[in-house]
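Read through the structure below, which is laid out as C-alpha cells, and then see the notes.
Taken together, the values in this text are just the output of simple stated rules run on the coordinates, not laboratory data. Computed from a predicted structure; not experimentally measured. No Cβ is skipped: glycine too gets one built from the backbone with ideal geometry, and neighbour counts run over all protein chains shown.
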C-alpha cells in the first residue's frame, strides 16, 4: 500500500526521512542477526545429525573428501536455504511512497535482430499506466533484419499520447550492448533511466511500482531491480524448469538481498537507475556481464541497490538446452568479470556486499552436486546411501518452503 508523502518544511522533511531510513537500517541489521542465528542453528543441527554418516563416508573414502561432500551437498545449501527462508519470513511489507510529482523516465531498449519480438514489447510499453512522461529509445545495434521497420510500424501506438515519445536510434554496424546503452545514456533526457530487453513485456503498473519503491528508498539508492519472470514458460521443459528457477533461484534471492540494500544484480532486462550514478560509474562496461559489473561498481562506490518484487516484467527465456547453457555461461562469465574487477568488495565491511561471498561457494556446491549428489541419488535408488542419505533430504523441505 503506497504511503502518502507528507507536506513538511524541507529541513524537517529531510530530518524525518533520514530518521526513517536509519530506523529501517537498524531493523535490517536486527533481521540479519536473527536470520543468521537461525541458519547457523540449523547447520549445527544438521552436522550433529550427520556425524555417523560423516564417519562412515570417511571410512569408505577419506575424512576430508567426506567432509567436502557433506558440506556442499547438505550443510552449506541447508544454511543458505534456512537463512533465505528466515529472512523472507521476517521481511516487512515492501515500502512504497507515491511521489508528489511523477518523474519523467528515459527507457533504453538495446535491440539486435529483434524483428520477431520488438513490436510486442512496444505494445506492452504503449499500454503502461505510468502518469509521468516517458522517453522511449530503441537502440538498434546494427540489426540486419527488420527490427527498424517494426519499430517504425509501431510509432502509431504512441502518436496520440502527449507524454510518450518513441525514438529509434540506429547504428551502422553492431557495436555491442554496452556501447549502445552508453550511447542511449548520453541521449537520455531525464534523471531516471529504465532499461529493458527487446524481448521483455511489462505489466501495466510496473513502472509505478519501480518509482514508488525508489522514492521510498534511502537517497543513496542508485538502482532498483524489477521482478523478471518467464513469459514463455509453456514452450518446452527447459522453459518450465526456468520458471521455477526464476521464482526461487532469482526472485526469492533478490527479495532477500533487497532487504539488506544489496541486490547484487540490477538486471538489464528490467531495472531503474539514477542517471547521475550511472554517469559517475562510467556507464555500462564493455563486458559480457555488463549489468552485473555495473551493479557491483555502484555497490563499491557506496550506493545501495534494491528490489521491487511487485514490478513485474516477463522475459523470453531460452527454449532449448543449448540456449540455456549459453545463457548461464554468460551469467557465470559476468560474475567472474565482476569478481576480477571488484575483488575489493570481498573485504568491504558492508552488510549489503556480504552476499558476494555466497557466489564463491556456488562453485564448490556445483562440483559437489555434479560429482557426488547425482551419483549418490543413483546409488540411493539401489539402496546404497553412501553419498545421498537422509540428511541430504533435509535440504529439500527448506528449498520447497
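Considering only 252, 317, 368, the mean-square fluctuation computed in a Gaussian network model of the chain, springs between alpha carbons under 10 angstrom, is largest for 368. As a rough guide to protection, the peptides 180-187, 219-226 ranked by mean Cβ packing within 10 Å, highest first, stand as 219-226, 180-187. The slack between residue 159 and residue 310, meaning 0.36 nm per residue of separation minus the straight C-alpha distance, is 51.5 nm. Is the range 256-401 rounded, prolate or oblate when judged by the Cα gyration tensor, a ≥ b ≥ c being the square roots of its eigenvalues, rounded requiring a/c under 1.5 and prolate requiring a/b larger than b/c? Prolate. Averaged over residues, the count of other Cβ atoms within 10 Å places the peptides 370-376, 303-309 in the sequence 303-309, 370-376, highest first.
Kindly list the residues of the range 288-332 that lie in the label zone of residue 235, defined by a backbone N under 14 Å from the point 7 Å along the Cα-to-C-beta vector. Counting backbone N atoms under 14 Å from the label point, the list is 314-328.
Summary value for the chain: 18 percent relative contact order, contacts being C-alpha pairs under 8 angstrom separated by 6+ residues.
Ignoring everything except DSSP H segments at least 4 long, calculate the 222 nm mean residue ellipticity for the chain; use -39,500 (n - 2.57) per segment, divide by total residues, nearest 500.
After summing the helix terms and dividing by the residues of the chain, the value is -15500 deg cm²/dmol.
Dividing the convex hull volume of the alpha-carbon atoms in the range 96-347 by its residue count gives 120 Å³ per residue. What is the calculated FRET efficiency for residue 336 to residue 369, with r their C-beta to C-beta distance and R₀ = 22 Å, to the nearest 0.05? Rounded to the nearest 0.05, the efficiency is 0.65.
The range 288-341 and the range 173-215 have Cα centres lying 15 Å from one another.
Residues in the range 211-234, backbone N under 20 Å from the label point at residue 20 (7 Å along the Cα-to-beta-carbon vector): list them, ranges by number please. Those under the cut-off are 211-225. Legend: calculated FRET efficiency, residue 104 to residue 33, from the Cβ-Cβ distance at R0 = 56 Å, rounded to 0.05, equals 0.85.
Spin-label pair residue 351-residue 65: with each label point 7 Å from Cα along the Cα-Cβ axis, the two points sit 4.3 nm from one another. Sorting 328-335, 72-79, 152-159 by average packing, meaning the other beta carbons within 10 Å per residue, from highest down gives 72-79, 328-335, 152-159. If the segment from residue 190 to residue 127 were pulled out straight at 0.36 nm per residue, it would be longer than the present Cα-Cα gap by 20.6 nm. Note on residue 45/residue 93: beta-carbon distance plugged into 1/(1 + (r/R0)^6) with R0 of 41 Å gives a FRET efficiency of 0.85. Which of 301, 36, 287 moves the most in a Gaussian network model of the chain with Cα springs under 10 Å? Answer for the Gaussian network model of the chain: 301.
Assuming a ≥ b ≥ c are the square roots of the Cα gyration tensor eigenvalues, decide whether the range 90-193 counts as rounded (a/c under 1.5), prolate (otherwise, with a/b larger than b/c) or oblate. It is prolate, given that a/c is not under 1.5 and a/b is the larger ratio. Comparing mean-square fluctuations of 119, 380, 148 from a GNM of the chain with C-alpha springs under 10 Å, the top value falls on 380.
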